[in-house]
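Right, one structure below, let's go through it.
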Amino acid sequence: MNRIYLIGFMGCGKSAVGRRLSFLLKLPFYDMDKEIVRQTGKTIPEIFEQYGERYFRDLETQFLQNFKNDFCIISTGGGVTMRKENQKIMRNTGLVMFLDAPFREIWRRIHRDPNRPIVRQSTRDEIEALHKSRYRDYKQTAHITIRTEFRTLRQITQYAAFQVNRLKGE
Ligand SMILES: Nc1ncnc2c1ncn2[C@@H]1O[C@H](COP(=O)(O)OP(=O)(O)O)[C@@H](O)[C@H]1O
Ligand SMILES: O=C(O)C1=C[C@@H](OP(=O)(O)O)[C@@H](O)[C@H](O)C1
Ligand SMILES: [Mg+2]
């Protein structure tokens, strides 16, 4: 169990929890979206606008295929489980944790954010349908599901760290 992957829908807290968990466990932190922005020199909305979603998905898969570091925390993007290949890489190279948040909370967090192109292009109903359609993949890919409702970022991070330490001790 070398890497810890955080998966889940947009706005569930992957980036925020990942950063905190890396401090707590003293492990390096990688946010896939940020790494893709760094590697391409373009923002996520720019990549979607100029090259399309398919190209962005290819970049995600390439990131997972080429990533060489161990003992680190990786916050993924919400669409990473769309590809079976990505699911397989994550399950085989680390512990996968799904941050499960209720849709109304997710919507409250993401609906005004200009940096998520999929949200900008879609209605609330469409995003809710996307959340539903992706849910099974999150559940199936994850080794552990963390319910985040009514929990602070600090509580979620502590719970995630507890699960990591518990598994390490087994
Ligand atoms: N459990 C939580 N309690 C309060 N705020 C949260 C919680 N989880 C996430 N947030 C906030 O919601 C926003 C979206 O979180 P983020 O980490 O960017 O999500 P993701 O990376 O999964 O899309 C951020 O402002 C974050 O601080
Ligand atoms: O769910 C998705 O398809 C996406 C989620 C985003 O990451 P977050 O889950 O961190 O918002 C980002 O990768 C891109 O905008 C596409
Ligand atoms: Mg994020």
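The values are calculated or read from the model by the stated rules, or taken from the named source; none is laboratory data. In this text, all values refer to a predicted model and were calculated from it rather than measured experimentally. Ideal geometry is used to build each Cβ from the backbone, glycine not excepted, and the neighbour counts take in all protein chains shown. Ligands, DNA and RNA are excluded from the accessible area calculation, which covers all protein heavy atoms including side chains. Shrake-Rupley method; radii C 1.70, N 1.55, O 1.52, S 1.80 Å.
Scanning the stretch 1-55 for residues that are over 30 Å from R166 (Cβ atoms) and β-branched (V, I, T) returns I36, V37, T40, T43, I44, I47. Among the residues of the stretch 28-41, just one is in contact with a Cys (Cβ under 9 Å, 6 or more places away or on another chain) and surrounded by fewer than 17 Cβ atoms within 10 Å (Cβ to Cβ), namely P28.
I want to confirm something. Restricting to the stretch 1-53 and keeping residues that are under 23 Å from K139 (Cβ atoms) and of a type in the set (V, I, T), which single residue is farthest from ligand 2 (Cβ to nearest atom)? Across the stretch 1-53, the extreme among qualifying residues is I4.
Yes or no: T43 within 15 Å of the chain's Cα centre (by Cα) and among the polar types (S, T, N, Q)? Taking the combined requirement at face value, the residue does not satisfy it.
Pairs linking a residue in the stretch 56-82 that is more than 27 Å from N165 (Cβ to Cβ) and away from ligand 1 (no atom under 13 Å from the Cβ) to a residue that is in a loop (DSSP other than H, G, I, E, B) and at pLDDT 95 or above, with Cβ atoms under 7 Å and 6 or more positions apart or on different chains, are R57/G79; R57/R83; E60/G77; T61/R83. Looking at the stretch 1-102, the helices (runs of 4 or more DSSP H) lying wholly inside it that each contain 2 or more residues that are within 13 Å of ligand 3 (Cβ to nearest atom) sit at 14-25, 32-40.
Answer yes or no: is there a residue in the stretch 4-24 that is in contact with a Cys (Cβ under 6 Å, 6 or more places away or on another chain) and either surrounded by fewer than 14 Cβ atoms within 10 Å (Cβ to Cβ) or free of Cβ contacts under 8 Å to residues at least 12 places away in the same chain (or both).
Among the residues of the stretch 4-24, not one is in contact with a Cys (Cβ under 6 Å, 6 or more places away or on another chain) and either surrounded by fewer than 14 Cβ atoms within 10 Å (Cβ to Cβ) or free of Cβ contacts under 8 Å to residues at least 12 places away in the same chain (or both), which makes the answer no.
Just one of the listed residues (R134, R116, R109) is of a type in the set (K, R), open to solvent by less than 30 Å² (accessible area, probe 1.4 Å) and within 15 Å of ligand 3 (Cβ to nearest atom), namely R134.
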